[in-house]
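Notes for the one structure printed next.
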Amino acid sequence: MRRAHTVEQVRAAEQPLLETQPHGALMARAATGLAVAVTAELHRRRGATYGARVLLLVGPGNNGGDALHAGAWLARRGVAVRAVALGPALHPEGLAAFTGAGGRVVALAEALRFHADLVLDGIVGIGGSPGLRPDAAAALEALSGVPVVAVDLPSGVDVDTGETPLPHVEAALTVTFGTHKVATLVDPAARACGRVELVDIGLELPAPALEALEAYDVARLLPVPGATAHKYTRGVVGVRAGSSTYPGAALLCVAGASSGMAGMVRFVGPDAVADRVRGHFPEVVGPGRVQAWAVGSGGDADAEAMLRDALADDVPVVVDADALAHLHHSGSTPRHRMVLTPHAGELAALVGESREEVEAAPLRHARRIAGHWQAVVLLKGARTLVVHPDGRARVNTTGTPWLATAGSGDVLTGLVGSLLASGLDPFDAASVGAWLHGEAGSRAAESGPVVATTIARHLTGIIGEVTHRM
Ligand SMILES: NC(=O)C1=CN([C@@H]2O[C@H](COP(=O)(O)OP(=O)(O)OC[C@H]3O[C@@H](n4cnc5c(N)ncnc54)[C@H](O)[C@@H]3O)[C@@H](O)[C@H]2O)[C@@H](O)CC1
Ligand SMILES: [K+]
């Protein structure tokens with residue numbers, strides 16, 4: 001599990017270490033980890049460290065201190081290092097170490113003539129607020145085009161929300177300390193981080209503000225059938241999706257539901273659509289009892305009835321696409337244990353905002369809707385979010401931009417339905433589903449552009465690999 005903590009949590013975790021460990025020990029760990037990551041980055045970009053040129057942008061706080069100590073470390077290993085001061089005074093010990101190792105603090109004009117291979121953003125870290133002060137903005141503007149390594153975080157992002165309401169650093173690599181922050185995992189700030197590397201500085205941390213599942217978490221969560229399993233104990237998932245306008249959505253949702261995680265898949269819909277479904281999936285059966293429903297994908301005018309009928313069963317329901325618009329009159333209650341699976345446009349319609357507004361603050365808006373409906377919300381995007389009404393949140397880090405393809409979401413809806421039927425709770429079903437779907441998309445993309453059918457086709461293989469890890 002990757003875990004992200006808030007600024008307050010990080011500061012609280014640092015406090016006992018600052019009190020008990022030798023002065024500067026924590027910063028030395030952070031700065032050394034940073035310098036090692038910068039060395040690797042220089043190797044990647046130019047094949048060698050010796051003779052490389054690194055420019056530090058140094059703000060007034062400890063984030064600048066990290067940059068200066070890392071600069072000293074690099075200077076001692078043959079890297080030419082310069083620093084531009086952005087603030088009234090720099091971290092005194094960092095500055096002494098830096099100049100002692102041969103580093104020089106220069107004006108911006110001289111820094112531009114230096115032609116740096118890399119810029120280190122040590123402007124602000126967890127002490128920063130959104131936006132950049134004019135001197136920092138001007139320096140970054142003048143240096144545009146030079147790759148940036150962000151120290152702890154790209155300066156200017158909102159650390160605890162992942163929002164980027166104001167100008168900020170765009171990094172190629174972010175070296176973050178102690179734990180992830182919401183901003184290193186959640187868009188739009190995560191996009192500004194580039195690649196993220198975590199340096200362990202020995203913090204003892206409480207329950208995280210946000211988590212990201214990794215393969216071994218998924219392996220642990222996936223229910224593997226026991227020796228005495230039969231198809232009903234493994235759970236039955238029902239699909240109500242597709243319409244005469246969008247019959248393909250029924251096939252794709254059933255394809256996702258046929259992940260193999262449920263013991264049986266039922267399809268309920270018009271005969272013409274049901275015939276096509278059974279033509280493709282002979283193992284799919286008709287109406288009957290289910291342990292979870294997946295409803296709404298391509299449901300068009302039938303979506304309202306699909307949702308109402310599914311909710312009448314008192315089992316968990318995945319509510320997708322056209323069905324989301326009918327939540328208001330559906331009579332849903334928290335007891336229905338719903339998973340809502342909107343994309344940004346659909347969430348925007350639910351909250352009465354523009355799509356851009358949702359994309360600028362996806363976590364905030366997903367939380368709002370999760371609270372309003374007392375349901376788990378899976379907000380689809382490059383970094384899909386899964387938010388529980390009790391405040392827990394996960395972000396998905398698998399996947400590829402190729403997943404942005406028609407019908408991809410229909411497969412996900414069916415897959416989450418099958419995971420619910422197999423016994424996962426809505427929060428786990430949604431986050432495991434998003435992880436598997438992303439991984440299947442990435443696997444499909446290895447052999448070229450992806451269509452929804454090929455995502456579904458890769459699901460069983462991915463599940464097989466993950467469960468064999470245990
Ligand atoms: N506390 C510790 O011992 C450790 C801290 N570490 C580093 O220390 C950082 C936090 O240090 P600080 O608490 O000193 O805070 P920062 O260095 O993040 O920020 C310093 C100050 O900059 C000012 N500032 C805020 N927004 C600004 C903006 N947009 N432009 C310019 N200046 C702005 C504020 O006055 C703020 O207090 C972490 O992000 C990490 O890099 C690491 O060295 C690990 C150990
Ligand atoms: K920074």
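The values are calculated or read from the model by the stated rules, or taken from the named source; none is laboratory data. What you see is a predicted model; the values in this text were computed from it and never measured. In this analysis, Cβ positions are derived from the backbone assuming ideal geometry, glycine residues included, and neighbour counts consider all displayed protein chains. Surface accessibility is based on the protein's heavy atoms, side chains included, excluding ligands, DNA and RNA. Shrake-Rupley method; radii C 1.70, N 1.55, O 1.52, S 1.80 Å.
Tell me, please, whether a residue that is under 18 Å from the mean Cα position of the chain (by Cα) and open to solvent by 40 Å² or more (accessible area, probe 1.4 Å) can be found in segment 313-325.
no
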*Could you grab me the full set of residues in segment 65-85 that are open to solvent by less than 20 Å² (accessible area, probe 1.4 Å) and not in a helix (DSSP H, G or I)?*
Val79, Val81, Ala83, Val84
_Near pairs, Cβ below 6 angstrom, 6+ apart or cross-chain, from segment 264-288 (in the same structural domain as Ser422 (by TED's automatic domain parsing)) to any residue that is modelled with pLDDT under 95 and open to solvent by 20 Å² or more (accessible area, probe 1.4 Å)_ = Met264/Lys231; Val273/Pro247; Arg276/Pro247
*asked:* Being touching a residue at least 24 places away in the same chain (Cβ under 8 Å) and within 30 Å of Pro130 (Cα to Cα) narrows it down to one residue among His336, His343; which is it?
replied: His343
*Is it true that Glu141 is without any contact (Cβ under 8 Å) to a residue 24 or more places away in the chain and of a type in the set (Asp, Glu)?*
yes
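Every residue, every condition in (1) closer than 14 Å to Ile369 by Cα; (2) among the β-branched types (Val, Ile, Thr); (3) at pLDDT below 95, yes or no:
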site: Gly299; (1), (2), (3): no, no, yes
site: Glu304; (1), (2), (3): no, no, no
site: Leu311; (1), (2), (3): no, no, no
site: Asp314; (1), (2), (3): no, no, yes
site: Ala323; (1), (2), (3): no, no, no
site: Pro334; (1), (2), (3): yes, no, yes
site: His343; (1), (2), (3): yes, no, no
*Between residues in segment 61-79 that are away from ligand 1 (no atom under 14 Å from the Cβ) and residues that are of a type in the set (Asp, Glu), which pairs lie under 6 Å by C-beta distance while being six or more apart or on different chains?*
none
*Residues that are closer than 27 Å to Leu185 by Cβ: which helices (runs of 4 or more DSSP H) entirely in segment 273-368 hold 2 or more of them?*
344-351, 355-360
*Sort out which residues of segment 86-122 are assigned to a helix (DSSP H, G or I) and either of a type in the set (A, V, I, L, M) or open to solvent by less than 10 Å² (accessible area, probe 1.4 Å) (or both), and write them in order of number.*
Gly94, Leu95, Ala96, Ala97, Phe98, Leu108, Ala109, Ala111, Leu112
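When residues of segment 177-210 are filtered for being assigned to a strand (DSSP E or B), in contact with a helix residue (DSSP H, G or I) (Cβ under 6 Å, 6 or more places away or on another chain) and more than 16 Å from ligand 1 (Cβ to nearest atom), how many remain? Spell out the reasoning first.
Restricting attention to segment 177-210, the residues satisfying the condition of being assigned to a strand (DSSP E or B) are 177, 180, 195-199, 210.
From what is left, the residues that are in contact with a helix residue (DSSP H, G or I) (Cβ under 6 Å, 6 or more places away or on another chain) are 177, 196-197, 199, 210.
From the residues that got through so far, the ones that are more than 16 Å from ligand 1 (Cβ to nearest atom) too are 210.
Residues meeting the conditions: 1.
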*Determine whether Leu34 is near ligand 1 (Cβ under 10 Å from one of its atoms) and under 25 Å from the mean Cα position of the chain (by Cα).*
yes
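If you go through segment 128-157, how many residues are part of a loop (DSSP other than H, G, I, E, B), more than 18 Å from Val38 (Cβ to Cβ) and either within 10 Å of ligand 2 (Cβ to nearest atom) or touching a strand residue (DSSP E or B) at 6+ places or on another chain (Cβ under 8 Å) (or both)?
Going through segment 128-157 one residue at a time, the tally reaches 3.
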*Going by the structure shown, is Gly226 of a type in the set (Gly, Ala, Ser), in the same structural domain as Gly407 (by TED's automatic domain parsing) and free of Cβ contacts under 8 Å to residues at least 24 places away in the same chain?*
yes
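Return the total of residues in segment 1-60 being hydroxyl-bearing (Ser, Thr, Tyr) and buried (at least 16 other Cβ atoms within 10 Å of the Cβ).
Final tally of qualifying residues: 4.
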_Checking the condition at pLDDT below 95, under 30 Å from Val182 (Cβ atoms) and not charged (D, E, K, R), which residue from Pro60, Pro88 passes?_
Pro88
